[in-house]
Structure formats: structure tokens, C-alpha cells
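Scroll down for the structure; my scribbles are underneath it.
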Amino acid sequence: MSIRHLIILSQLNPPAPNARVLHRDRIEARLDQAFNYPLTILHAGTGYGKSTAVLSFLQNQESPIYWFTTSGTDRDPKLFLAKLFTAFKRVLIKY
């Protein structure tokens, strides 16, 4: 059985940006520092504004965005990697 049918493409698309976002300088400065590392993982509880902060920050960047929202099924390493590689592939095809 192919693992491709388990990949939910909506998890690989960033949410639509909201025009009414509070500009948070401190968080944007921390996110700017993330470019000094090969991988950044942002972890916080539900409703803390992770997606909003990242999307607001990335609107001013020219770098490609590889978006991947995790879920409970991502505990399976094969499925996790399949979703991650699919996110990379989707962006690389655009560039």
C-alpha cells in the first residue's frame, strides 16, 4: 500500500495571512535569528499565535517557504518523512 494516500496536502499549505495582525518586534527579531540555523522548530500551545507570527514575518522575506503542519499521525517516521519531502518537493517545483 502506498503511503502517498495518507498525505493531507492542506497540511503543506500555510494558512491565509490576516491583514489585521499585531506587529510584534521582539518575536520578529527572534524569527530573524532563525535564519542562522539550518532548521527551526517552533513549538507552543494551541492559540499562542505561532502561525500568525511566522506568516507575518515571512511576508517580508524572499526565501522560499516550506510549510508543514504536524498531526498525531506524524509519529510514524515513514509518514512524517513522506510529508516533509512532499513539502520540499512542492516548493522546489515552483522555483
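The values are calculated or read from the model by the stated rules, or taken from the named source; none is laboratory data. Everything quoted here is computed from the prediction, not taken from an experiment. All Cβ positions, even for glycine, are placed from backbone atoms using ideal geometry, and neighbour counts span all protein chains on display. We work out accessible area using only protein heavy atoms, side chains counted, and drop any ligands, DNA or RNA first. Shrake-Rupley method; radii C 1.70, N 1.55, O 1.52, S 1.80 Å.
A few remarks follow.
- Residue list for segment 68-95, restricted to those being open to solvent by less than 60 Å² (accessible area, probe 1.4 Å) and either farther than 23 Å from SER2 by Cβ or small (Gly, Ala, Ser) (or both): SER71, GLY72, ALA82, ALA87
So that you can scan it fast, the table gives a plain yes or no per residue for (1) closer than 26 Å to LEU81 by Cα; (2) out of contact with any helix residue (DSSP H, G or I) (no Cβ under 7 Å at 6 or more places or on another chain); (3) not in a helix (DSSP H, G or I):
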| site | (1), (2), (3) |
| --- | --- |
| SER2 | yes, yes, yes |
| SER10 | yes, yes, no |
| ALA16 | yes, yes, yes |
| ILE27 | no, no, no |
| ALA34 | yes, yes, no |
| PRO38 | yes, yes, yes |
| SER51 | yes, yes, no |
| SER56 | no, yes, no |
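- Filter result (under 27 Å from GLY72 (Cβ atoms), hydrophobic (A, V, I, L, M, F, W, C) and surrounded by 10 or more Cβ atoms within 10 Å (Cβ to Cβ)) within segment 28-56: LEU31, ALA34, LEU42, ALA53, VAL54, LEU55
- Scope segment 58-72; condition more than 13 Å from ALA16 (Cβ to Cβ), of a type outside the set (D, E, K, R) and part of a loop (DSSP other than H, G, I, E, B); matching residues: ASN60, GLN61, SER63, PRO64, ILE65, TYR66, PHE68, THR69, THR70, SER71
- Some residue of segment 77-93 being β-branched (Val, Ile, Thr), at pLDDT below 85, within 22 Å of LEU9 (Cα to Cα) and part of a loop (DSSP other than H, G, I, E, B): no
- Where THR69 falls short, out of the listed (1) out of contact with any helix residue (DSSP H, G or I) (no Cβ under 9 Å at 6 or more places or on another chain); (2) modelled with pLDDT of 80 or more; (3) not charged (D, E, K, R): (1)
- Scanning segment 40-49 for residues that are touching a helix residue (DSSP H, G or I) at 6+ places or on another chain (Cβ under 9 Å) and among the hydroxyl-bearing types (Ser, Thr, Tyr) yields a count of 1.
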